[in-house]
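One structure is given here, and the rest of the page talks about it.
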Amino acid sequence: MWNIQREDFMQHVSFVDALSLRATYGRNGNAEKSTSTKTLLTVGTSVNTTTGTITATIFDYGNPLLRWEKTTTTNIGVDFSLFRHKLTGKIDYYNKLGSDIVGLVSLPTATGTTAQKFNNAKIANKGIEISLGTDIKIPGTPVQYITSLTYAYNWNKITDLYYPSIYGFDMLGGGFVQGRPVGSVYSYTYLGMNGGEPYVAGVKGVPNRFDDLALHNRGLGLQYLNFEGTAVPPHTLGWYNGFKVFNFSAYVLFTGTLGGVYRNPIFNYATLIGSGKTNVDRYVSDVFAGNPNIPSFPQANDPGTYRWDRYGPNLNGLIASSSYIECKEITIDYTLPAKMARAIQTSGIRLYIQARNLGMVYHANDKAYNPDWLPGSNKPLRTFTMGLNVQF
């Protein structure tokens, strides 16, 4: 680390209180724990009453050539304090190069399995992290203002990939694609209904019916799937604000992510057939409303409707921006003056009210969804807490 403010040429720069430059370089390894060099089994917990045996199934076939994932990291950072510590902060730039990254590779069924994990990728990550803060007293008032703003940007790309010919269903499931970021989101181009059947565009735009699964299961996805962006937002931010007036204080925290995409949920058409046809989800309202981005109701007793769930959730019209900013926490407290606390034989009394998970103040999608907690998920509850802290 280089303490720049101690250098002779900085002695006459009065507004700089502290300035230092950091640089680090290192390499580390990671053992991917979802696979192994040996075959992994899942063993049942009870004895079969007919055979008197316990069932064991193969969870992972193992890879005897498995190696550690390796990451080489270079980081350069600047720490500073300016104007008599009224402005403090740090800026970091990093470059991470990962090799032998473990990924799932689809295999011919003749090998005994349909997929196995290999050290098959190299991933480049570059980014910047900025943190700025201040603690000032507003002139002419008793108000003290404290704030801290953090921002991070990460760019990543899969630079090299073993077995780059990836099937459509693999890509839709988050499989690696060379030249694209981790967490890439793909979609089918929806062509609408024809003769009571929904269609998507296949290779060279050729229409493909929803109940024909050949495109989904055996087609090479790069020939017909749309790249929509990444499910891992490249921009993240946090903003902390604090106010103090005499013995009162208030704190507000905002967090958010920007630049990512997500898939809006779609109605489960399979519930219209079979024994579960009386149980439909909330998204049936989109079908009744005639949403042009999704199929209409199937024809009566259509035997292929149960296959629609391969294409339906992955249509291009369901993609939306996942950018949002939410109010994460608000806290208000009052501390009894020390003189009054001593008068009632205590060393301190603090009363506080706290609210958490208050909801979004900005969202880019038109459904007002929090993309991290779509309807049906167990999102964090909005909570309100009151407390009294007495010290003797």
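A short reminder: the numbers here are calculations on the coordinates, not readings from a lab. Computed from a predicted model, the values in this text were never measured in an experiment. Heads up, the Cβs are rebuilt from the backbone with ideal geometry, glycines too, and the neighbour counts pull from every protein chain shown.
Computed from the C-beta positions of Ala56 and Leu220, the FRET efficiency with R₀ = 51 Å rounds to 0.90. Going 7 Å from the Cα of Arg356 along its beta-carbon direction, which residues of region 374-389 have the amide nitrogen within less than 11 Å of the resulting point? From region 374-389, the list is 380-385.
Summary value for the chain: 10 percent relative contact order, contacts being C-alpha pairs under 8 angstrom separated by 6+ residues. Ranking Thr147, Thr73, Gln116 by how far each Cα lies toward the positive end of the dipole of region 56-209 (charges on Cβ) leaves Thr147 at the top.
Take every pair of alpha-carbon atoms less than 8 Å apart whose residues are at least six positions apart; their mean separation over the length of region 1-127 yields a relative contact order of 23 percent.
Computed from label points 7 Å out along Cα-Cβ, the spacing between Ala368 and Val78 is 4.3 nm.
What you get for region 163-294, charging only the Cβ of Lys and Arg (+1) and of Asp and Glu (-1), is a dipole of about 260 debye around the Cα centre.
Subtracting the Cα-Cα distance of Leu381 and Leu213 from their residue separation scaled by 0.36 nm leaves 56.5 nm. Using Cβ point charges alone (K and R +1, D and E -1), the dipole size of region 66-174 about the Cα centre works out to roughly 220 debye.
Each of (1) 0.98; (2) 1.07; (3) 1.17 is a candidate for Rg/Rh (Cα atoms, Kirkwood Rh); the one calculated from this structure is (2). When you restrict to C-alpha pairs under 8 Å that are six or more residues apart and normalise by the size of region 85-207, the relative contact order lands at 20 percent. Label positions at Val206 and Ala152, each projected 7 Å from the Cα along the C-beta direction, are separated by 4.6 nm. Applying both filters, DSSP loop and at most 13 other Cβ atoms within 10 Å, to the chymotrypsin sites (Phe, Trp or Tyr not before Pro) of region 228-328 gives Phe246. Eigenvalues of the alpha-carbon gyration tensor of region 224-383, scaled by 5 and square-rooted, set the equivalent ellipsoid semi-axes at 49, 19, 10 angstrom, largest first. Comparing Pro380, Thr305, Val185 along the charge dipole axis of the chain, the residue lying farthest to the positive side is Pro380, per the Cβ-charge model. For region 181-271, the normalised intensity computed at q = 0.16, 0.17 Å⁻¹ comes to -0.82, -0.88 (log10 of I(q)/I(0), Debye sum over alpha carbons, equal scatterers, no solvent).
The charge dipole of the chain, taken about its Cα centre with unit charges on the Cβ atoms of Lys, Arg (+1), Asp and Glu (-1) only, comes to about 780 debye. Distance between the 7 Å Cα→Cβ label points at Asn301 and Val245: 7.3 nm. Since only Cys327, Val200, Ala214 are under comparison, the one whose Cα sits farthest along the positive direction of the charge dipole of the chain, derived from C-beta charges on Lys, Arg, Asp and Glu, is Cys327.
Diffusion coefficient (Stokes-Einstein, Kirkwood radius over C-alpha pairs, 25 °C, 0.890 mPa s) for region 202-251: 153 µm²/s, rounded to a whole number. For the pair Val143 and Lys38, the difference between a 0.36 nm per residue extended length and the Cα-Cα distance amounts to 31.4 nm.
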